[in-house]
């Protein structure tokens, strides 16, 4: 069809000439699957079919939408018959006519904005990946309204992958950026969270960010790699704080615009996804006008929204110059794992990014065993079965896993950081892909006498995205001096909680509000969260919690009478602003959902809490030991409050955790008990 029909037919016929035994297949219908092969016909029968097709074509000359579509169909049939005759009798004029007809069909499709346009684009790539019309010159695929966003997304991914295979990196990067943009639109237009999750769980969507980053690295464009990583890895948590699509905040600022925009998005998707047969569609003549009107409304509304303060970048990918601000307090290490290559990119505030190539083969070999070791450790921790470092079972396996992480990932990065002049004992941040979100990178090391581990060299933190880190620093200078503590827990199921909360009351004095057992109800905690009289509150969670990978906003902490969800935290921070610190002293952190189909994002309870509105988060990768909780929390808060409540700085949380974990190590606490603690945020 269109250039697609012409290009495909010509390519197939050229291939047939060079390889007569090659099976003939031609994708000729507007669907995702190839059409079944047409039974062979004789030359005389084909002559009759071609004559009949020309006669029907001569009758389809009207200018109405239905007549144009009918003419396209007749041209398509003529293409097929001419191709079959060429394959049979090798008449060059036939294939030349096929190409000319293809151009006619494409012109007609453009005239009526027909859904075949997207299919044309897809077929060109499948039939002739090196064709110079792989990408429409103006990037029209992003703005076509003739098919749904998901169909355009699939075509963009296919185009990008094909260009990358041909080492046409410039075109491939364009394709991946387009696919990322369309992926954003797919999640925006899918207002149901389950539909968003279904889309994000697709293989082409899950792998998109890692492929795009790897392609940009191959092209030597590290800034584009960082930009695409931010855009591709932030969709789950962007729904919480609406970094890319702040609809919740928009409703508060301009409810009329928010509702108009939402309705227009839904209308566009319905019009684009439903394309009835023109012959049986009573609205065939007005449907193109409806699409055009809806698109104009969408564009006009978006322009109005972008004029509002704080919304100028809505639905626009962030540029590297903006993203690099996340590294103002220290370098950020973007780790990317792709089937084709593995790399680390070191992002610094005032310098160009640096590349650290990693051993792709070895990383692919070690990740399954490393992940399994961590899963065993987490399972034992949940079952309260802790073994010592020199004992049997999970601890030795965990130590071996950390040695492998050091050798193949962390050591090359550390060596490069030191070569760049990054001072030892300074802070660094890891920005990990989803496949590594549960791994204790911060504890990696050789574990050999006389050699230093990673946490002996740097103070480590994590971030789920660059924008999450940037936002956590927002309005630091305007925050009210002084800090209060809200602490709650369930001592009836966690016996050490009483001691833990008692210690905190001793540190904060009358600046602490402590809720225990039946006092810690969902309603009362929410009331405390939303009625803080002073900015900069710390919140201490001493309870069970679980991560919902399917519905991130439903991830929750178990109160006396129900669940305190991330959605509750989002709403509370929207009321009083960003808080300073969350300490997740969780003794159960089970994950819900299929991890194998999870998006390539850093998904954890700590990440969810951080993006919900906390500058800094202390959390765990797996449940802490009961005996460690009270002392560890006391050490962290004592360091944070060493200068008093009015000089509390959430940026000290990483060092406080670092020192508290070191104290555990110095006391001979087993590896799996101290390396569960992690810091996220500023």
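Read-outs throughout are calculated quantities, based only on the coordinates presented, and are distinct from any laboratory measurement. As the structure is a computational prediction, the values presented were derived from the model and not from experiment. Ideal geometry is used to build each Cβ from the backbone, glycine not excepted, and the neighbour counts take in all protein chains shown.
With the Cα gyration tensor of region 299-357 giving a ≥ b ≥ c as the square roots of its eigenvalues, does the rule (a/c under 1.5 for rounded; else a/b larger than b/c for prolate; else oblate) give rounded, prolate or oblate? Verdict is oblate for region 299-357. Once Rg and the Kirkwood radius are both taken over the C-alpha atoms of region 322-464, their ratio Rg/Rh works out to 0.98.
Going highest first, how would you order 151-159, 637-645 by mean Cβ packing within 10 Å?
Answer by packing, highest mean first, reads 151-159, 637-645.
For a paramagnetic label modelled on residue 51 (point 7 Å from Cα along Cα→Cβ), amide N atoms under 13 Å away are absent within region 76-98. If you take the square roots of the eigenvalues of the alpha-carbon gyration tensor of region 467-681 and sort them as a ≥ b ≥ c, do you get rounded (a/c under 1.5), prolate (a/b over b/c) or oblate? Rounded, because the longest to shortest axis ratio a/c is under 1.5. For region 322-464, averaging the sequence separation of C-alpha pairs within contact (under 8 Å, six or more residues apart) and dividing by the residue count gives a relative contact order of 24 percent.
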